Amino acid sequence: MEIDTQRRDAGRRNTGSFTERDAMTPEKRAALNKKKKQRRRSKLIRVWINRAIALAVLALIIGLVVWGVKSLFFDKSQTSAYGLPDYVTEDYLKVNTYSRPKVPLLEVNNIVIHYTANPGTSATANRNYFNNLADQSGVENPTYASSNFIVGLEGEVIACVPIDEVAYASNNRNEDTISIETCHPDETGKFSDVTYASLVKLSAWLCNKYGLTGDDLIRHYDVTGKLCPLYYVENEEAWTQLKADVQTALEELQQSESTENGGE
Ligand SMILES: [Zn+2]
């Protein structure tokens, strides 16, 4: 009876005020602690993984926003409605009878080169001159003049009349050509090196766009016999060289484009 009572009491103790933990051996307790530590560690790892994912997503969002803003404001080739190269500044004339009639240019068979015949004047000044032709009310013999592009003394390029519109530059060839006015420092009409380089680059880009070659460059002189562009009328070899330089630039452009597209 004595033993039975002790057993009963022991049973009571086990299920009563004594916890399971209290009844554990030190080994079991250590194992339990270890498990708890592991659980805590894995929870901590999960928290850090979540934080890393959140950071990566944040970085991606910031990257996308920066890229979006950059392409909106800084990448002109993305924003030009005509797909013009980034060295061209688009400063189109207001639509008007005398310089920008908004007549569609339906085909491009040649690029016509001009000189301003106004030594030392800038591309902007010539562009503004064309733009101001809009206001000729009351003028008896109004001037009709413009150009698709003007290449300036510093090599800058201004687009004045969109490439899909007729400009008033090349007489009876206005309707199937793109015109380029070229600024020059003096009376000889010879283009400076930077102006020449930009003219070649722009001409090559246009040839590439319209499936033309360097030989499709013509002078205003070839249309009407006008001494324009003067230096390149008086110096036939300089004109031949200009066309050859455009052809070389065109081939380089096509080469670089085919490389970009993954070709040879
Ligand atoms: Zn001309």
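Just so you know, all these numbers are worked out from the coordinates, no wet-lab data involved. Note that the coordinates shown come from a computational prediction; the quantities given were computed from them, not determined experimentally. Using ideal geometry, Cβ is built from the backbone for each residue, glycine included, and neighbour counts are taken over all protein chains shown.
The table for this structure:
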read-out	value
Rh by Kirkwood over Cα pairs, then Stokes-Einstein D for segment 183-254 at 0.890 mPa s and 25 °C, µm²/s	197
Dipole magnitude of the chain about its Cα centre (Cβ charges: Lys, Arg +1; Asp, Glu -1), debye to nearest 20	4320
Contour minus Cα-Cα distance for I45 and V65 (0.36 nm per residue)	4.2 nm
Relative contact order for the chain, counting Cα pairs under 8 Å that sit 6 or more residues apart, in percent	17
Unit charges at the beta carbon, dipole of the chain: most positive-side option, V66, F130, W239	V66
Mean-position separation - Cα centroids, segment 169-248 and segment 44-64, in angstrom	57
Cβ-defined net charge surrounding Y196, 9 Å radius [Lys, Arg +1; Asp, Glu -1]	-1
Positive minus negative residues near S170 (Lys, Arg vs Asp, Glu; Cβ under 11 Å)	-1
Volume per residue that the Cα convex hull of the chain spans, once the total is divided by residue count, Å³	260
Estimated [θ] at 222 nm from DSSP helical runs (n ≥ 4, -39500 (n - 2.57)) normalised by residues in the chain, nearest 500	-16000 deg cm²/dmol
Packing rank of 224-232, 59-67, where each peptide gets the mean count of other beta carbons within 10 Å, highest leading	224-232, 59-67
Residue of S179, S137, S147 that the Gaussian network model of the chain assigns the largest fluctuation, springs spanning Cα pairs under 10 Å	S137
Relative contact order, percent, segment 108-264 [alpha-carbon distance under 8 Å, six or more residues apart]	27
Equivalent ellipsoid, segment 145-264 (semi-axes from 5 times Cα gyration tensor eigenvalues, Å)	23, 17, 14
Extension reserve of the A54-E260 stretch, reckoned as 0.36 nm per residue once the Cα distance is removed	70.6 nm
Distance between modelled label sites at D176 and D86, nm, 7 Å Cα→Cβ extension	3.7
Kyte-Doolittle mean at least 0.0, axial Cα span of 24 Å or more - DSSP H helices of the chain	26-73, 193-210
